[in-house]
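The values are calculated or read from the model by the stated rules, or taken from the named source; none is laboratory data. Bear in mind the structure is a predicted one, so any value in this text is a computation, not a measurement. Cβ atoms come from the backbone with ideal geometry, glycine included; neighbour counts cover every protein chain shown.
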Amino acid sequence: MDKTFQEKLQDQLQDPNKNITLIVYGLQLMGVLTGGIAFIIAIILNYIKRDDVVGTFLESHFEWQIRTFWISLIWGIVGFIMAITVVLLPAAWIVWFVVMVWVIYRAIKGLLNLLENKPMDIKVKVA
């Protein structure tokens, strides 16, 4: 017998690690609006819960989220360095805008894959 949408949703909400992954994507999106504060909370959650998802499809999501944080942080710092030179301030705004769009894209792409129970298409390091 086919499950209803509500039953499928209830089944998915039973996995606490999947819920954490979902929360992290939400925090990443909120990080765009909060100047990165929510993003910092997201990365802390990633590192705290990382060992719990090893060997599951969620491991690829955690790797995706962690890479998103570090790459966006590096480019955010590049934008900051450009901004303090004043001459490059317009270029800094462009860098920050591109980073913001990129983070939104990655969070939405990850979220869609998560909701379909699909791993992210990345290589995960084998420890």
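Please find, among T68, T56, the residue that is surrounded by 13 or more Cβ atoms within 10 Å (Cβ to Cβ) and within 9 Å of the chain's Cα centre (by Cα).
T68
Okay, residues lined up against (1) surrounded by 11 or more Cβ atoms within 10 Å (Cβ to Cβ); (2) without any contact (Cβ under 8 Å) to a residue 40 or more places away in the chain; (3) not aromatic (F, W, Y):
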position	(1), (2), (3)
A42	yes, yes, yes
N46	yes, yes, yes
H61	yes, no, yes
W64	yes, no, no
G79	yes, yes, yes
A83	yes, yes, yes
W93	yes, yes, no
R106	yes, no, yes
E116	no, yes, yes
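Select the helices (runs of 4 or more DSSP H) contained entirely in the stretch 1-88, then report the ones holding at least 3 residues which are at pLDDT 95 or above.
Those helices (runs of 4 or more DSSP H) span 16-33, 37-49, 58-84.
Does the stretch 48-63 contain at least one residue that is of a type in the set (A, V, I, L, M, F, W, C), under 23 Å from K18 (Cα atoms) and touching a Pro at 6+ places or on another chain (Cβ under 9 Å)?
The answer is yes, given that some residue of the stretch 48-63 is of a type in the set (A, V, I, L, M, F, W, C), under 23 Å from K18 (Cα atoms) and touching a Pro at 6+ places or on another chain (Cβ under 9 Å).
If a residue has to be within 13 Å of the chain's Cα centre (by Cα) and either polar (S, T, N, Q) or over 22 Å from I74 (Cα atoms) (or both) to count, how many in the stretch 85-119 make the cut?
Residues in the stretch 85-119 being within 13 Å of the chain's Cα centre (by Cα) and either polar (S, T, N, Q) or over 22 Å from I74 (Cα atoms) (or both): 4 in total.
Would you call W75 over 12 Å from L29 (Cα atoms) and either touching a Leu at 6+ places or on another chain (Cβ under 7 Å) or surrounded by fewer than 13 Cβ atoms within 10 Å (Cβ to Cβ) (or both)?
Here the answer is no, as W75 does not meet what is asked.
Please work out which one of (1) under 13 Å from L22 (Cα atoms); (2) in a helix (DSSP H, G or I); (3) touching a helix residue (DSSP H, G or I) at 6+ places or on another chain (Cβ under 9 Å) is the condition N117 fails and give its number.
For N117, the exception is condition (2).
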